[in-house]
Amino acid sequence: MWQRFTDRARRVIQYAQEEAMRCGVNYVGTEHLLLGLVREGESVAARILERLGVSLGRVRAEVEKHVQRSPHPQRVSPHDMALTPRAQKVLQLAMDEARQMNHNYVGTEHILLGLIREREGLAAQILAKLGVDERDLERVRQQIRRYLGEEEGVTHAGPHLQLQQHRRRSPTPMLDQFSRDLTRLAEEGKLDPVIGRDKEIERLIQILCR
């Protein structure tokens, strides 16, 4: 299952775990997933939020105002972290969104849709406060299709069609979708190096979803 998650989507989960640890709690909630999306600022989800008029800085500020912090921060390890039921539901909804859009991968954009569809978690409440709620789901999906280069109004484009159309916009569509331009990020001072941790990240995802 996790093989379908893009590198960026996996990093979102890793960042969510780091945000939870920073707050001194031993669980990963929807609010931490949202913070993870914000930290992965070059992702499709981040760019879609900006297109919808929602600044990443404001998202983080709103989450920081409402996120629960332990008065006695716990020293937790990845082995002690677990996704809350709502966070698990978000990832299940993300996979469902990928299936509905006929995408053979689960990306940050699908996690964003999952956060909106979940409705009851803190992340959904914050997004609604910022003007994006369940009533906007189709609008968000349309923005995703446009961003990926699909024709406007196409509701179910297969991966082959999506790839063909995305190639018209970029000479390296697969690299753009599944990787980062490290040189550009380094030049912009946005590079957060993760070196030789593929196994650790894979293990972390498995632990979180127990």
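The values are calculated or read from the model by the stated rules, or taken from the named source; none is laboratory data. Note that the structure is a prediction, hence the values are computed from the model and not measured. Neighbour counts run over all protein chains shown; Cβ positions are idealised from the backbone, glycine included.
List of remarks:
- Among residues of segment 18-65, those that are under 20 Å from R141 (Cβ atoms), without any contact (Cβ under 8 Å) to a residue 40 or more places away in the chain and among the polar types (S, T, N, Q), counted: 0
- Cβ-Cβ distances below 9 Å connect the following pairs, each with a first residue in segment 107-119 that is over 13 Å from R8 (Cα atoms), a second residue that is of a type in the set (K, R) and part of a helix (DSSP H, G or I), and a separation of six or more residues or different chains: L113/R141; G114/K89; R117/K89; E118/R86; E118/K89.
- Total residues in segment 57-103 satisfying the condition of being surrounded by 16 or more Cβ atoms within 10 Å (Cβ to Cβ), in a helix (DSSP H, G or I) and modelled with pLDDT under 80: the figure is 1.
- Which listed residue is more than 30 Å from R69 (Cβ to Cβ) and at pLDDT 75 or above, from Q142, Q177, Q162, Q206: Q142
- Going through (1) at pLDDT below 60; (2) aliphatic (A, V, I, L, M); (3) surrounded by 15 or more Cβ atoms within 10 Å (Cβ to Cβ); (4) within 19 Å of the chain's Cα centre (by Cα) one by one, L191 falls short only on (3).
- Scanning segment 94-107 for residues that are in contact with a Leu (Cβ under 7 Å, 6 or more places away or on another chain) and closer than 18 Å to Q206 by Cα turns up just one, A94.
- Of the residues making up segment 1-43, those that are β-branched (V, I, T) and either touching a helix residue (DSSP H, G or I) at 6+ places or on another chain (Cβ under 8 Å) or in a helix (DSSP H, G or I) (or both) are T6, V12, I13, V28, T30, V38.
- Considering the conditions (1) modelled with pLDDT of 85 or more; (2) surrounded by fewer than 17 Cβ atoms within 10 Å (Cβ to Cβ); (3) of a type in the set (G, A, S), G29 is excluded by exactly one of them, (2).
- In segment 106-132, the residue that is farthest from F5 (Cα to Cα) out of those that are outside any loop (DSSP other than H, G, I, E, B) and acidic (D, E) is E118.
- Flag if E138 is surrounded by fewer than 21 Cβ atoms within 10 Å (Cβ to Cβ) and in a helix (DSSP H, G or I): yes
- Segment 85-106, residues that are closer than 20 Å to R39 by Cα and touching a strand residue (DSSP E or B) at 6+ places or on another chain (Cβ under 8 Å): A87, L91, A94, V106
- Filter result (buried (at least 19 other Cβ atoms within 10 Å of the Cβ) and of a type outside the set (G, A, S)) within segment 40-56: E40, V44, I48, L49
- Residue check for R47: in a helix (DSSP H, G or I), at pLDDT 90 or above and in contact with a Ser or Thr (Cβ under 9 Å, 6 or more places away or on another chain): no
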